[in-house]
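Take a look at the structure below.
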Amino acid sequence: MDCSGVRALMNRYIDGELGYLETAEFQRHLAFCPDCSLEFRELSALRGTLAAWGDVPLAPPAGFANRVMTAVATEPLPGSPRPLADVVSDVLEWLDQSLGRVRLPGGRTMPVKNLLGWAIALVAVVIGFGRRRGQDQAKTRVSRAAGAARR
Ligand SMILES: [Zn+2]
């Protein structure tokens, strides 16, 4: 049995799964091969450490079950409509990905969707002021007409 054959059998030897002849050849090789003997000692130590871990009781952190059940309760049921916030978030993410970013002075960048948002807000404000100005002018015209009628 050569070194690669011995190393392929190490785990099975530790587990006691080798037959009588394989065990004898394995042990004979370890007796004269310092490399395989060292590897066998290291593997045995590792397996012992791993086996000892099996005796350590593992306890979840405090409140773990409550956090899991809370997360499950807020999760939408399969097939239920998605929350609007998720849809909006996905659309904004998609816009970020597809529109890209604009370089600003100073090496910084800004998403194009943010610029579009500011432009839409500015147009809305301008339209709002325009309508208010139109209402004020109409009131002025009405009061002037009323004053002229009184004279
Ligand atoms: Zn060897």
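Principal semi-axes of the equivalent ellipsoid, √(5λ) from the alpha carbon gyration tensor of region 111-151, are 40, 4, 4 Å from largest down. Membrane-span-like helices of the chain, defined as complete DSSP H segments with a Cα extent of 27 Å or more along the helix axis and a mean Kyte hydropathy of at least -1.0, are identified as 34-53, 112-150. Which whole-number percent is the relative contact order of the chain (Cα, under 8 Å, 6+ apart)? Relative contact order, the chain: 10 percent. When the Cα atoms of region 55-151 are aligned to their principal axes, the ranges along those axes come out at 105, 41, 29 Å in descending order. Binning the alpha carbon pair distances of region 3-53 at 10 angstrom intervals from zero yields the distribution 26, 57, 17, 1, expressed in whole percent. Of interest is the spacing of the C-alpha centroids, which for region 102-135 and region 1-37 amounts to 76 Å. Hydrodynamic analysis of region 21-93 uses the Kirkwood radius over alpha carbon pairs. Inserted into Stokes-Einstein at 25 °C and 0.890 mPa s, it gives a translational diffusion coefficient of 133 µm²/s.
Annotation note: trypsin sites (Lys or Arg not before Pro) in region 96-132 located in DSSP loop regions with a Cβ neighbour count of at most 11 within 10 Å are R108.
Could you please report the charge total around L92, scoring K, R as +1 and D, E as -1 over all other residues with beta-carbon less than 13 angstrom from its beta-carbon?
The answer is -3.
Using the alpha-carbon positions of region 1-126, Rg (one decimal) and Dmax (whole number) come out as 31.8, 93 Å.
None of the figures in this text is laboratory data; all of them are computed from the coordinates on show. Predicted, not measured: the structure shown is a model, and the values here were computed from it. Because the Cβ atoms are built from the backbone with ideal geometry, glycine has one as well, and the counts that use them run over all protein chains shown.
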